[in-house]
Amino acid sequence: MAEQTSIVAQEAAEWASKVPQATAVFWLVKILATTVGETGGDALSMTLNLGYATATLVFLAFFVVTLGLQIRAKQYHPAIYWAVVIATTTVGTTTSDFFDRTAGFGYVLSSAILLVAVLAILAVWRLTAGRIEYQHILRPRDEVFYWVTILVSNTLGTALGDFTATSLGLGFERGALVFGGLLVIVALTWGLSKRIPTAVLFWAAYVLTRPLGATLGDTLTKPHAEGGLSLDRISASLAILAAMAVVVVIQHFTRDGAKRVASASSE
């Protein structure tokens, strides 16, 4: 009964916002989204040979369309929300690769610029809105800051993942372990410490999921000679998208069923 009540309370919180609550399932789906962002971005720019600039324009168009649907929505819709997230991860992949490789910025300079950009966005959000939000996103101003932060943080995460795996020489698997370990530290801090604002921990975790997904995606699709499994990028992307869809659908129907049971029990 207590678990059902908790689920209902969480459902009510989501209905009062246009974004999902930061649960364990949320982070699982987010990691899958960042992984498909890497494999999908590379599929368009490399496998289909569109190049980083053209692929970025394609994904930016997808981002604009999905973001328009998200902004017009009156409440949280899982399909729309996660479509926008996927758009930001694919844009982040190709944009970061363009800066690092085509423009010649390199991983260190790109990461530094993007880190400053994320911190600047959060600072402006705090100054103009009086808070940094991550759960109750209803006001248009909060929504704009929310998605701009996500877009830039996913681009930053891509650069960090490439820097760790390539420049530091850790490789993709060990890079994934590093960022996975950092996420565990953030999660433990979230659960045990009350001194650090949860908004700070949320955005720290959000940034870290991107390089984790990037290194996982590269582990799947890079050639054996580079430490990857050499899987087809398009097939890997479709498989990850299918896994995302399954998790989101199961969560939706499980919580919907629990809500009906709890409502019936209270009558």
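Taken together, the values in this text are just the output of simple stated rules run on the coordinates, not laboratory data. Remember, it's a predicted structure, so these values are computed and weren't measured experimentally. Here Cβ is always computed from backbone atoms with ideal geometry, including for glycine, and neighbour counts include all displayed protein chains.
For the reader, a short list of remarks on this structure follows.
- Förster radius 30 Å - calculated FRET efficiency between ALA61 and ALA239 (Cβ-Cβ, nearest 0.05): 0.75
- Placing pseudo-labels 7 Å out from each Cα toward the beta carbon at GLN21 and HIS224 gives an inter-label distance of 4.7 nm.
- Using the Cβ-Cβ distance between LYS74 and LEU119 with R0 = 30 Å, the FRET efficiency computed as 1/(1 + (r/R0)^6) comes to roughly 0.40.
- Directionally averaged shadow of the chain, computed from the convex hull of its alpha-carbon atoms, nm²: 14.7
- Modelled FRET efficiency - R0 25 Å, ARG195 with GLU173, Cβ distances, 0.05 increments: 0.15
- Options GLY180, PHE63, GLN135, ranked by Cα towards positive dipole end of the chain, top entry (Cβ charges): GLN135
- Comparing TRP125, TRP190, LEU170 along the charge dipole axis of the chain, the residue lying farthest to the positive side is TRP125, per the Cβ-charge model.
- Nearest-20 debye value, the range 2-266 charge dipole, Cβ charges on Lys, Arg, Asp, Glu: 780
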